[in-house]
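One structure below.
The values are calculated or read from the model by the stated rules, or taken from the named source; none is laboratory data. These numbers come from a predicted model, not from an experiment. Neighbour counts run over all protein chains shown; Cβ positions are idealised from the backbone, glycine included. These area figures cover heavy atoms from the full protein model, side chains too; ligands, DNA and RNA do not enter into them. Shrake-Rupley method; radii C 1.70, N 1.55, O 1.52, S 1.80 Å.
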Amino acid sequence: RATTSFGRLSTSSDRSSTSTRCRKLRSGKIPPVLRLSATIITLNEAEHIGAAIDSVAWADEIVVVDSGSTDGTTEVARARGATVLTREWSGYVDQKNFAAERASHDWIFSLDADERATPALAAEIRAVLTAGPTAHAYRIARVTFHLGRWLRTTDFYPDSQTRLYDRRAARWRGKHVHESVTADGPIGQLSEEIQHYSYRDLRDHLDRINHYTSLAARQMHEAGRRAGLLDLLVHPPAAFLRNFVLRRGFLDGEVGLTLSLVNAYAVFVKFAKLWELQRSPEPRVPNPESTG
């Protein structure tokens, strides 16, 4: 079932939290039990959505906002006990804020369909909510599985994401890409990780680079950023050195080298697309009659 209580797992951190609550009970200051809604936005995620929902089955509620899937995503989600809402796509930020607004509880754990909450993370989140949060939102490291291994080098790690938050004091903000939660108060850091199954293979990775660099270039252009020769010459090599040396990609051997080069390529493509936009903000379609 997707709607359950927090009372299933028992760890040393839970016992510590229970002791804290007992002390507060004796002092007459016990806080109310906080309930949690897990939210997921989807579009044709039948491959992933079942495992994603299973990983947050400990939440009090699971809300899936789907934007028109045709592959059975919504059927899988309903079969897992999630509340499924259908809404036309309006952008990452708007969809995620809509999911939070439609949730029954103020504390939100936002998960992407290709992500999983580990049992250790579930226990840590439960402990935070049981003891009483000391922040309005919490960042969580995200570890990606790609090219046959968990990546803890290059720009792929720790890739911290603010995913646990109180919707009364925090919300999603951003524009075309790199959306994030911003809070009106302190943001804490959890010690456990979200698991990320982002790419099937390098081809899928490169396809996504093409998509997201277009969004990033458009966002930069609308913010007034412009690209020149130095951007094309300097930023990609700098990205490679950051990934391979500073963020220890060399420790992952051929995989680290490959991903460092791919990340540098993504930076080049982003600035190349920005350069193209400043020359012609609207895409031009050639006139067939003018070609030889």
* **Complete set of residues in region 29-47 that are buried (at least 20 other Cβ atoms within 10 Å of the Cβ) and not in a strand (DSSP E or B)** => GLU45
* To do: Test each condition in (1) touching a strand residue (DSSP E or B) at 6+ places or on another chain (Cβ under 9 Å); (2) of a type outside the set (Ser, Thr, Tyr); (3) free of Cβ contacts under 8 Å to residues at least 24 places away in the same chain for ARG200 and report the one that comes out false.
  => (1)
* To do: Take the residues in region 50-77 that are open to solvent by 20 Å² or more (accessible area, probe 1.4 Å) and among the acidic types (Asp, Glu), then tell me which one is farthest from HIS136 (Cα to Cα).
  => ASP71
* To do: Could you list, in sequence order, all residues of region 78-97 that are of a type outside the set (Val, Ile, Thr), closer than 24 Å to VAL177 by Cβ, touching a residue at least 60 places away in the same chain (Cβ under 8 Å) and open to solvent by less than 40 Å² (accessible area, probe 1.4 Å)?
  => GLY91, LYS96, ASN97
* Residues satisfying the stated conditions in region 137-178, i.e. hydrophobic (A, V, I, L, M, F, W, C) and open to solvent by 60 Å² or more (accessible area, probe 1.4 Å) -> PHE145, LEU147, TRP150
* To do: Look at VAL181 and say whether it is closer than 21 Å to THR154 by Cα and either surrounded by 13 or more Cβ atoms within 10 Å (Cβ to Cβ) or out of contact with any Cys (no Cβ under 7 Å at 6 or more places or on another chain) (or both).
  => no
* Restricting the search to region 35-86, which residues are over 18 Å from the mean Cα position of the chain (by Cα) and among the charged types (D, E, K, R)? -> ARG35, ASP60, GLU61, ASP71, GLU75, ARG78, ARG80
* region 186-223, subset of a type in the set (A, V, I, L, M) and more than 30 Å from ALA127 (Cβ to Cβ), residue surrounded by the fewest Cβ atoms within 10 Å (Cβ to Cβ) -> ALA223
